[in-house]
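S.K.: Input: one structure, supplied below.
Just so it is clear, none of the values below were taken in a lab; they were calculated from the coordinates. Note that the structure is predicted; figures quoted are calculated from it, not measured. Counting neighbours? That spans all protein chains shown, and the Cβs are built from the backbone with ideal geometry, glycine included.
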């Protein structure tokens with residue numbers, strides 16, 4: 001009969017398992033999706049984690065100067081928003097604007113800053129903002145269309161290089 005080995009090594013502390021780097025991919029331009037990405041990025045920055053946010057496709061609206069503070073809450077096809085209403089109500093004229101206004105009022109009550117200010121907080125904390133080259137080209141945008149804090153417009157390959165290293169996490173929103 002073989003003896004069972006008992007581990008005498010010291011368990012790793014929480015500090016040893018700390019996340020070193022976070023890459024948040026923001027692919028959607030809706031109010032709730034952009035805020036989900038920015039809140040996670042801001043939380044990582046506040047925890048002292050190296051943070052990169054990569055904006056692609058409609059997520060580019062979050063860093064486009066004339067769109068970032070005018071995002072909407074979609075009502076059609078959003079069953080969580082319309083729990084006690086018939087689905088067809090969501091498509092009525094003006095309903096999306098009403099839902100967006102209501103959502104922004106609730107966020108104001110919680111002192112959640114507008115998108116432009118959230119981006120400033122992330123950058124001030126050391127986070128980096130990156131645009132997707134393919135999406136920028138596809139939508140015929142230029143670097144001047146984006147916030148001044150945009151680090152660069154990069155390829156998907158460059159984005160994956162940002163995620164290299166031990167204890168790196170990629171979050172896709």
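S.K.: Ranked highest first by average number of other Cβ atoms within 10 Å, how do 78-88, 61-71, 106-116 line up?
M.R.: Values: 78-88: 10.1, 61-71: 17.7, 106-116: 12.2.
My ranking of the peptides, most packed first, is 61-71, 106-116, 78-88.
S.K.: Can you give me the angle between helix 95-109 and the longest principal axis of the chain, using Cα atoms only, in degrees from 0 to 90, rounded to the nearest 10?
M.R.: Computed tilt is about 50 degrees.
S.K.: How compact is the chain by the rule of thumb for globular proteins, expressed as Cα Rg over 2.2 N^0.38 Å?
M.R.: On the way: Rg = 20.1 Å, N = 173, 2.2 N^0.38 = 15.6 Å.
Against the empirical 2.2 N^0.38 Å value, I get 1.29 for the chain.
S.K.: How large is the helix-only mean residue ellipticity at 222 nm for the chain, computed as the sum of -39500 (n - 2.57) over DSSP H runs with n ≥ 4, divided by its residue count, in deg cm²/dmol to the nearest 500?
M.R.: That calculation yields -9500 deg cm²/dmol at 222 nm.
S.K.: Another question, then. Length gain on complete extension for the stretch residue 124 to residue 160, per 0.36 nm per residue less the alpha carbon to alpha carbon distance? If you can, show how the numbers build up before the last one.
M.R.: Working: separation 36, 0.36 × 36 = 12.96 nm, distance 2.34 nm.
Full extension from residue 124 to residue 160 adds 10.6 nm.
S.K.: Can you work out the PRE-style zone for residue 172? Point 7 Å along Cα to Cβ, and I want the residues of the range 49-70 with backbone N under 18 Å.
M.R.: Residues 52-60 qualify, since their backbone N sits under 18 Å from the label point.
S.K.: Shifting gears a bit: Pairing the Cα long axis of helix 115-124 with the longest principal axis of the chain, what angle in degrees results, from 0 to 90 and rounded to the nearest 10?
M.R.: It is inclined by approximately 30 degrees.
S.K.: May I ask for the angle, rounded to the nearest 10°, between helix 31-46 and the longest principal axis of the chain, with both axes built from Cα atoms and the value confined to 0 to 90°?
M.R.: Taking the Cα atoms of the chain, the angle to 31-46 is about 40 degrees.
S.K.: Report the full-extension gain for the segment residue 76 to residue 88: residue separation times 0.36 nm, less the Cα-Cα distance, to one decimal in nm.
M.R.: Values: separation 12, 0.36 × 12 = 4.32 nm, distance 0.80 nm.
So the extension gain works out to 3.5 nm.
S.K.: What nm value, rounded to one decimal, do you get for the distance between residue 142 and residue 105 when each label is placed 7 Å out toward the C-beta?
M.R.: So the two model labels end up 4.1 nm from each other.
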